[in-house]
Every structure is written in structure tokens, then in C-alpha cells.
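The values are calculated or read from the model by the stated rules, or taken from the named source; none is laboratory data. Since the model is a prediction, treat every value here as computed from it, not as a measurement. A quick note on method: Cβ atoms are made from the backbone with ideal geometry, for glycine too, and the neighbour counts reach across all protein chains shown.
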Protein chains: 2
Amino acid sequence: MSTITAFDTSDVRFPTSVLLDGSDAMNPDPDYSAAYLRIRTDSDDGLEGHGFAFTIGRGNDIEVDAIAALSPYILGRNVEELLADMGATWRELVYDSQLRWLGPEKGIMHMAIGAVVNALWDLKAKREGKPLWLLLAEMTPEEIVALVDFRYLTDALNPEEALDILRGAVSGRDERTATLRREGYPAYTTSPGWLGYDDAKLARLCREAVEHGYQQIKLKVGANLQDDIRRMGIAREVCGPDIKIAVDANQRWGVDEAIAWMKELKRFDVAWIEEPTSPDDILGHAAIARGVAPIPVATGEHVQSRIIFKQMLQADALQVLQIDATRVAGVNENVAILLLAAKFGVRVCPHAGGVGLCEAVQHLSMFDYVAVSGSMEGRMIEYVDHLHEHFAIPVDVRAARYFPPTEPGAGYEMFEASVAEYTFPRVLEPVAP
Amino acid sequence: MSTITAFDTSDVRFPTSVLLDGSDAMNPDPDYSAAYLRIRTDSDDGLEGHGFAFTIGRGNDIEVDAIAALSPYILGRNVEELLADMGATWRELVYDSQLRWLGPEKGIMHMAIGAVVNALWDLKAKREGKPLWLLLAEMTPEEIVALVDFRYLTDALNPEEALDILRGAVSGRDERTATLRREGYPAYTTSPGWLGYDDAKLARLCREAVEHGYQQIKLKVGANLQDDIRRMGIAREVCGPDIKIAVDANQRWGVDEAIAWMKELKRFDVAWIEEPTSPDDILGHAAIARGVAPIPVATGEHVQSRIIFKQMLQADALQVLQIDATRVAGVNENVAILLLAAKFGVRVCPHAGGVGLCEAVQHLSMFDYVAVSGSMEGRMIEYVDHLHEHFAIPVDVRAARYFPPTEPGAGYEMFEASVAEYTFPRVLEPVAP
């Protein structure tokens with residue numbers, strides 16, 4: 001029996017804005033950051049749980065404060081009890097009646113809960129000596145369903161349906177695990193497409209992406225239509241007709257504008273249009289999906305919760321569902337979202353990049369492949385070649401495929417030296433924009 | 001010409017949980033709190049702008065931190081410039097590309113923007129020597145439309161339609177202003193209905209509400225069906241058949257549960273069912289509205305933004321729209337929401353109570369009556385008799401009607417002594433739940 005003895009937060013920020021990596025139509029100068037959490041116990045095993053919420057700079061300190069506000073739920077608690085029923089642990093955090101007012105289940109507080117939940121999963125996976133994807137994929141359907149809170153989901157998915165989906169995928173788990181280890185999971189890359197890059201850099205990076213074996217790349221669009229047409233032309237010419245090219249507007253448009261803009265881009269054969277409008281606009285996405293069909297609509301990196309994803313699926317508002325490892329309340333909620341996607345037969349292509357998002361989210365896609373959807377068809381994980389060197393278990397991406405982590409953990413652990421080097425000084429006055 | 005010289009935040013908490021005022025099925029023990037902001041300038045007029053975000057206790061410190069993070073946008077700025085174009089000021093705050101990641105436009109960060117925007121409106125109203133409702137109601141339609149960001153609204157409401165609505169209400173403004181001053185604006189009361197009260201207290205408070213002239217009361221429901229049936233029976237018996245009784249489930253249910261539960265309560269003649277499920281579930285509310293018709297569905301106190309309200313209206317998911325003074329990004333966003341409600345012909349009955357919400361939100365309903373919808377039909381502002389003594393301009397509620405404030409300001413200003421007395425000590429460790 002052991003106790004949680006430390007709950008340490010850090011405000012970690014990488015000055016990525018200097019190189020305009022990650023620049024898009026709504027985010028011209030992100031500083032990739034992590035509101036970072038490290039949980040320690042008094043157990044002899046010395047294992048720790050690490051988790052974080054990803055932000056893009058200013059406000060990372062507020063996210064850290066929100067994580068710290070959850071320490072009374074964790075510090076001093078019995079480790080085995082917390083980890084034994086992760087469904088109950090999740091509910092305890094999400095249903096704090098006072099903190100709930102600050103969301104509910106959205107934004108800073110919900111992301112903070114995600115960081116805590118994920119740190120606990122990291123600890124749980126290390127204790128069981130497995131990478132998270134395998135830990136989840138080896139659970140029984142009943143254990144997986146017990147992770148999910150169905151309160152606001154039953155009009156779309158009830159526990160019995162979730163069990164049916166999972167039971168249907170039990171046979172073949174071993175075979176798919178072997179396939180995954182042998183062939184990896186498909187990746188696509190956003191590295192060429194940031195808005196801050198000039199045409200020559202765009203062309204060079206497109207060429208390199210194809211050479212590295214990527215079957216899909218993604219370009220940022222939405223700031224200026226003529227620029228987008230020119231850049232799409234360059235990308236299509238360099239990549240040739242067989243490479244898929246998705247575009248990402250990062251919420252720039254209203255409904256009509258999205259439809260009109262995509263009319264101009266569709267001649268380049270667009271693999272999907274991502275975040276055409278507000279991530280909160282379910283009916284707007286549905287209208288856009290109808291208006292730009294057959295181009296699929298993708299969204300998710302800013303979708304606040306399983307409740308919005310549920311409706312996106314009910315309304316046929318998205319054809320590509322993009323989970324994110326740190327936007328919702330952690331692994332449990334992403335399991336719910338994967339089950340919803342499976343119920344509706346929609347493919348999941350996670351958002352990644354940023355800092356550590358590739359390391360973390362791959363576990364969810366791999367679990368999905370082995371134990372939920374059972375399919376890699378049309379599915380791929382975003383890949384961006386940034387900041388992996390700071391992670392204890394960096395992604396193993398070769399020939400445009402993610403190879404499954406073998407070391408125990410959930411992927412959130414940053415090197416202590418990196419955390420120390422990039423810890424942002426706590427200033428008395430907030431940073432000016 | 002003057003400059004903003006101080007941007008002071010306070011963590012103000014009232015220990016209301018001791019008396020179980022404000023207890024409901026999801027919020028058993030709220031401590032009504034305000035993440036409070038006071039803006040001062042170097043002008044000789046000595047006028048200040050006050051604003052706050054309402055929370056229910058734990059986490060109020062995080063909300064304060066989020067407000068403080070916005071100080072670089074305000075501190076040292078030219079006052080006249082900031083106040084002259086409140087639409088531009090709003091967009092500057094909402095579209096900070098890095099802080100936006102923490103929402104976008106939802107939760108802690110969005111409420112913090114609301115507190116800042118409202119403090120600026122408070123200052124603007126004081127400078128113009130008018131209560132906020134009158135300041136807004138005397139603006140031209142063009143000036144009002146310029147307050148609104150239409151980026152994600154045009155599929156439901158464009159600037160021309162908004163102008164038409166406002167122009168249509170220009171004639172009659174003077175007459176309605178006179179009516180408002182003479183007759184006040186209708187109120188309903190939630191004071192009798194908190195779940196923490198016993199039956200005798202419920203009956204006594206129902207009787208008092210009727211004696212005070214209230215035409216509608218509201219009861220909290222959703223924790224236990226048999227209790228709800230008993231309590232509704234008591235309330236209906238005490239109030240008689242002519243008083244409207246609304247019920248409020250505070251997000252307790254899923255869709256099917258809401259419909260089933262209301263089948264059991266409808267025999268008591270229910271005025272509306274409020275927050276039957278997650279405030280993020282537009283399609284769920286729409287399904288419930290169809291399932292419980294003709295009982296109207298009401299929601300809004302937790303609706304994060306105009307984008308969700310837009311969809312609620314598009315989907316016919318609510319029949320009573322409940323704006324809140326501190327949930328969204330301030331006056332500007334509530335003006336957008338009032339315009340949406342007018343476009344869809346839905347009545348607005350604001351959420352109030354808490355601390356200072358009555359003082360603040362009345363301005364919006366009164367502006368709506370004079371200059372937007374032009375109607376009080378079926379409309380009323382929630383009233384709870386708590387904590388008004390702490391406000392510089394307390395509500396003037398008589399015979400179950402709100403009489404319009406005459407003093408300049410937006411209603412958010414708390415007495416300095418109250419702020420000082422109830423400032424929560426900043427502790428190193430977060431407070432245990």
C-alpha cells in the first residue's frame with residue numbers, strides 16, 4: 001500500500017514563435033507550452049506519473065494553477081485505490097460541484113483534469129509494466145466500459161452498445177497487436193504547411209515529406225484566398241496526384257465563407273477541410289459538411305468534450321474525428337470518444353504536434369486499432385517533427401509510420417532537465433501580448 | 001485624455017454553504033464568490049470601472065488569475081480610445097491568439113474576458129453619467145451592431161438583419177423607457193426552492209413569495225423523483241393554480257431521463273424545465289424540448305457563448321433563453337445573444353441570484369425591452385434575496401418587479417468594505433473539497 005506524496009506542477013514553455021513553426025491563420029506566433037504535472041509516491045518502486053495540458057504560451061501559468069487546484073484530490077491519497085477504479089477517480093474530479101462551475105467540462109479546468117487523469121494513467125501503466133496502448137488493449141470490455149461516464153451520452157451510446165462494440169473486437173486483438181508491432185500505424189505530416197513559411201520552404205518540405213514516404217500532408221489555409229490557391233498549387237505540383245493534401249483553416253471562417261472558400265480550393269483534390277469554423281458550432285460544421293461534400297470535414301483539437309463530439313456525430317457534422325491527448329479530461333474521456341466514433345463508423349485521425357502530443361496520442365489510436373474499431377483504414381496520426389527530444393519515450397516514426405512504444409507509461413514524461421531548462425519564470429505581472 | 005493606472009483583482013468569497021442557500025441537485029454547497037476587478041484611471045473625475053466573474057467557491061482564485069492575465073491589454077492604455085470602440089476592444093481581448101487556445105471562447109478565460117469587458121462598460125457608463133441599460137438603449141442601431149462580432153453568427157444573423165431589428169424598435173423607445181420607470185420589469189423568485197430546505201421552510205417561503213406578489217416561483221429538482229413530486233405538491237398547494245411554477249434540474253439528467261422525469265412532474269403544471277441536461281448538448285435539449293412539449297425548455301446560465309445559443313435557437317432547443325451577466329464575454333456578447341433571441345422570437349428570462357447577478361443582468365433585460373425586443377411579454381428576471389447589501393447600487397425590487405437603476409454604472413460595483421471583509425486568504429495549498 002502506498003500514498004501519493006508529491007504533486008508538483010511546472011510552467012514549461014518553448015520559444016517556438018521565433019521560427020514561426022506552428023503558425024496558422026488564427027495562431028500567428030505560438031510558443032508551444034506544457035502545464036506540467038509530476039506525481040510521486042512513497043512506494044519503493046520509485047515510479048512517477050507525468051501528465052500535462054498543452055497550451056501555446058500566454059496563459060500556461062493559469063493552466064498550471066488549475067492543475068494545482070486539483071491537488072487535494074490526489075495528494076495524500078492511497079495510490080492503489082485511485083488507480084484501481086479510474087472511472088470513479090475521473091468522476092470525482094469532473095463532478096467537484098464548485099470547480100464544475102468554472103466549465104462545466106470545458107476549457108482550462110477540464111484540461112487541468114485531463115492532465116491529472118493522464119498522470120495517473122502514466123503511473124498506472126508504469127506500475128503494470130506496459131505502454132498505455134497495451135494496458136488499455138488488454139482490458140476486458142467490461143473494464144473499458146467502466147472507465148466511461150455515460151451521463152450525457154446515452155441518447156447516442158449506452159453501456160450495452162459500448163460493450164457490444166468492444167466484445168466484437170476481442171477476437172483478433174492478438175493478430176492486430178502483432179500487425180501494429182510489425183507495420184506500425186500510419187502518420188501524416190503538417191511540417192510543410194505552416195503559414196509562416198515562404199514558397200521555397202513549402203516546396204522543399206513537401207518534397208521531403210514525399211521522400212520520407214508520407215501519403216498525406218496538410219497545409220494551413222484561411223488567411224488569404226489567393227495565397228492559399230498559390231500554395232496549394234505548389235504543393236500539388238511537388239507532391240503529384242497520388243499524395244493526399246488536407247487543409248486546415250483553424251476556425252477562421254463562418255459557415256458561408258467556409259463553403260465559398262473551399263469551392264476555390266477543391267480543384268486541388270482536398271483530402272479534408274479541418275476546423276473550418278468555431279469548434280463549438282456543431283450545426284455550422286454540419287452545414288459546411290453538406291456544402292463542401294464530398295470533401296470530408298475534420299475537427300477535434302479544440303472540441304471541448306465528448307458531449308460536443310457526440311453531437312458532431314449525431315449531426316453528421318464531421319467525417320474525420322480528431323481526438324487530442326490533452327484537450328478533454330484525459331484517457332477516460334478519449335475512450336468514450338473512440339467508442340462514439342466506432343458506434344457512428346467515423347474514422348479517427350488524432351491531432352498531434354505541439355509538444356508531446358504525438359508521444360501521448362499514439363497510445364489512443366493504437367488502443368483503438370487493437371480493441372475498439374479494429375481498423376486502420378483511412379486512419380492516420382498527425383506528425384510534426386518538433387520537440388520530441390525532450391521526451392523520455394520519444395515517438396518512433398519511421399517511413400511515415402508510428403511504431404508502438406514498448407516502454408511502460410503513457411508518453412507524457414519529459415526529461416527533468418528539459419522541464420528545468422524551459423520552466424518559465426513566474427513573473428508578478430502577466431506577459432504582454 | 002487619461003490612462004488606466006490600476007487593474008486590481010480580488011478573490012471575494014461569501015460562506016453561503018453554511019446555510020445551504022443555493023443548494024441544488026448538482027451544487028450541494030456553493031460559496032457564492034466573485035473574481036473581482038477594479039480598474040482606476042488618472043482622470044480627475046475619479047471614476048472607476050468594476051466587474052467580476054461569478055463562481056461558487058473553489059477555483060475562484062484561478063478565475064482571478066485569468067483576469068489578471070488580461071491586464072497587459074488594459075493597464076497603461078488610453079481610456080478614451082478603449083471605451084470609444086468597445087467592439088474593437090472586445091475583439092482584441094477575445095482574439096489573443098495564445099490565450100484563445102485555453103478556450104476558445106469558453107470557461108475560465110472567457111469569463112475573465114467578461115469581467116474585464118464589463119468593468120470597462122461600468123466605467124463608460126459612469127463617465128457618461130447613465131445607468132448601463134439607458135446608455136445602451138440610447139445608442140443608435142449602428143452603434144449597437146458595431147459592438148457585435150459576427151464571425152460565427154452570420155448563418156443565423158447578419159449585421160443587416162440585426163440593424164433591421166434595432167431600427168424597428170427605435171420608435172417607441174421613449175414610451176417604453178417611461179413604462180419601465182413607472183412599472184418596472186417583472187421578476188420571479190427562486191428563494192423558496194433550494195433543495196437543502198425542508199418542507200416547512202419550502203411551504204413558508206412559497207406563501208411569502210405569493211404574498212410579495214410573485215407570479216412565478218422556481219423549484220430545484222432532479223436529485224430524487226419522489227422528493228420532487230412531494231415538494232411540487234406542496235408548492236402547488238400553497239401557491240394555488242394561478243402562480244407559475246418552474247423547475248430546474250441543474251444538468252442532472254441525460255435526454256431520456258429528463259423526458260421520463262418530466263412526465264411525472266407535468267401534472268403540477270410546470271412553467272418551464274430549466275437545465276435538464278448538459279448545457280453543451282444542443283441536440284439533447286432539442287430532443288428534450290420535443291419530448292416534454294408543451295412544457296418549455298429553459299437554459300443559459302452555463303451556456304458558454306453566443307455560438308451555443310445560436311445553435312440552441314436554430315435547433316429549437318430552448319423556448320426560454322436565460323442570459324447570464326458573467327458567463328460570456330461581457331455586455332457585447334450578451335447584446336449579440338439578445339439580438340439572436342429577437343431574430344428567433346424567443347423570450348429572454350435572465351439567470352440571476354448568486355452574488356451581484358441581479359444587479360448586473362437587469363440592465364440587459366431593460367435594454368432589451370427598450371431597444372431590441374420591445375416586449376416584456378412572458379419575460380422576467382430571476383430574483384433571489386441574497387447579498388444585495390454588498391453592492392453600491394443594489395437592486396430596487398418592489399412588488400415582484402425590478403425598478404430600473406438611476407445611478408450611473410453597470411451594477412458590478414461592490415462596497416470596498418465588503419470586498420475587504422470577504423477577500424479570501426491566498427493560501428499556498430488549494431482548499432480541500
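Might you let me know whether the stretch A:123-132 holds any residue that is within 14 Å of chain B (Cβ to nearest Cβ) and in contact (Cβ under 8 Å) with a residue 60 or more places away in the chain? No, the stretch A:123-132 contains no residue that is within 14 Å of chain B (Cβ to nearest Cβ) and in contact (Cβ under 8 Å) with a residue 60 or more places away in the chain. Of everything listed in (1) within 15 Å of A:A25 (Cα to Cα); (2) touching a residue at least 12 places away in the same chain (Cβ under 8 Å), the single unmet condition for A:R236 is (1).
Residues of the stretch A:97-127 that are farther than 20 Å from B:P104 by Cβ and of a type in the set (D, E): A:D122 alone. Tell me yes or no: at least one residue of the stretch A:224-245 is buried (at least 24 other Cβ atoms within 10 Å of the Cβ), closer than 30 Å to B:Q314 by Cβ and among the hydrophobic types (A, V, I, L, M, F, W, C). Looking through the stretch A:224-245, none of the residues is buried (at least 24 other Cβ atoms within 10 Å of the Cβ), closer than 30 Å to B:Q314 by Cβ and among the hydrophobic types (A, V, I, L, M, F, W, C). Filtered by the rule that a residue be in a loop (DSSP other than H, G, I, E, B) and β-branched (V, I, T), the stretch B:282-297 gives a lone residue, B:I295. On the given criteria, is B:V361 at pLDDT below 95, within 15 Å of the chain's Cα centre (by Cα) and within 27 Å of B:E274 (Cα to Cα)? It is false that B:V361 is at pLDDT below 95, within 15 Å of the chain's Cα centre (by Cα) and within 27 Å of B:E274 (Cα to Cα). Taking the stretch B:129-147 as the range and being touching a helix residue (DSSP H, G or I) at 6+ places or on another chain (Cβ under 7 Å) and either of a type in the set (S, T, N, Q) or over 16 Å from B:R167 (Cα atoms) (or both) as the test, the residues that pass are B:P131, B:L132, B:W133, B:L135.
Conditions tested, residue by residue: (1) aliphatic (A, V, I, L, M); (2) closer than 26 Å to B:G409 by Cα; (3) crowded, with 18+ Cβ neighbours inside 10 Å.
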site	(1), (2), (3)
B:W133	no, yes, yes
B:L136	yes, yes, yes
B:A162	yes, yes, yes
B:G168	no, no, no
B:Y188	no, yes, yes
B:G193	no, no, yes
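Here the stretch A:364-411 is the region considered, the condition is being of a type in the set (F, W, Y) and under 14 Å from A:I323 (Cβ atoms), and the residue that is nearest to the chain's Cα centre (by Cα) is A:F367. In the stretch B:42-70, the residue that is nearest to the other protein chains (Cβ to nearest Cβ) out of those that are crowded, with 21+ Cβ neighbours inside 10 Å and polar (S, T, N, Q) is B:T55. When the stretch B:220-249 is filtered for residues that are in contact with a Gly (Cβ under 6 Å, 6 or more places away or on another chain) and modelled with pLDDT of 95 or more, only B:A249 remains.
Yes or no: A:V395 touching a residue at least 40 places away in the same chain (Cβ under 8 Å) and either buried (at least 24 other Cβ atoms within 10 Å of the Cβ) or not small (G, A, S) (or both)? No, not satisfied. Among the residues of the stretch B:75-107, those that are more than 26 Å from A:Q251 (Cα to Cα), more than 9 Å from chain A (Cβ to nearest Cβ) and of a type in the set (A, V, I, L, M, F, W, C) comprise B:V79, B:L82, B:L83, B:A84. Only residues that are assigned by TED's automatic domain parsing to the domain that holds A:R38 and under 23 Å from B:G284 (Cα atoms) were counted in the stretch A:118-164, giving 0.
The number of residues in the stretch B:108-122 being away from every other protein chain (no Cβ under 14 Å) and more than 17 Å from B:V148 (Cα to Cα) comes to 2.
Across the stretch B:220-260, what is the total count of residues that are within 14 Å of B:P276 (Cβ to Cβ), touching a strand residue (DSSP E or B) at 6+ places or on another chain (Cβ under 9 Å) and either hydrophobic (A, V, I, L, M, F, W, C) or more than 14 Å from every other protein chain (Cβ to nearest Cβ) (or both)? Residues meeting the conditions: 7. Of the listed requirements (1) in contact (Cβ under 8 Å) with a residue 60 or more places away in the chain; (2) more than 21 Å from B:A178 (Cβ to Cβ); (3) buried (at least 24 other Cβ atoms within 10 Å of the Cβ), B:M109 misses just one: (1).
May I ask you to verify whether A:M376 is more than 23 Å from A:Q314 (Cβ to Cβ), crowded, with 24+ Cβ neighbours inside 10 Å and at pLDDT 95 or above? It is false that A:M376 is more than 23 Å from A:Q314 (Cβ to Cβ), crowded, with 24+ Cβ neighbours inside 10 Å and at pLDDT 95 or above. Selection over the stretch A:343-364 of residues that are under 27 Å from A:A287 (Cβ atoms) and buried (at least 24 other Cβ atoms within 10 Å of the Cβ) gives a count of 4.
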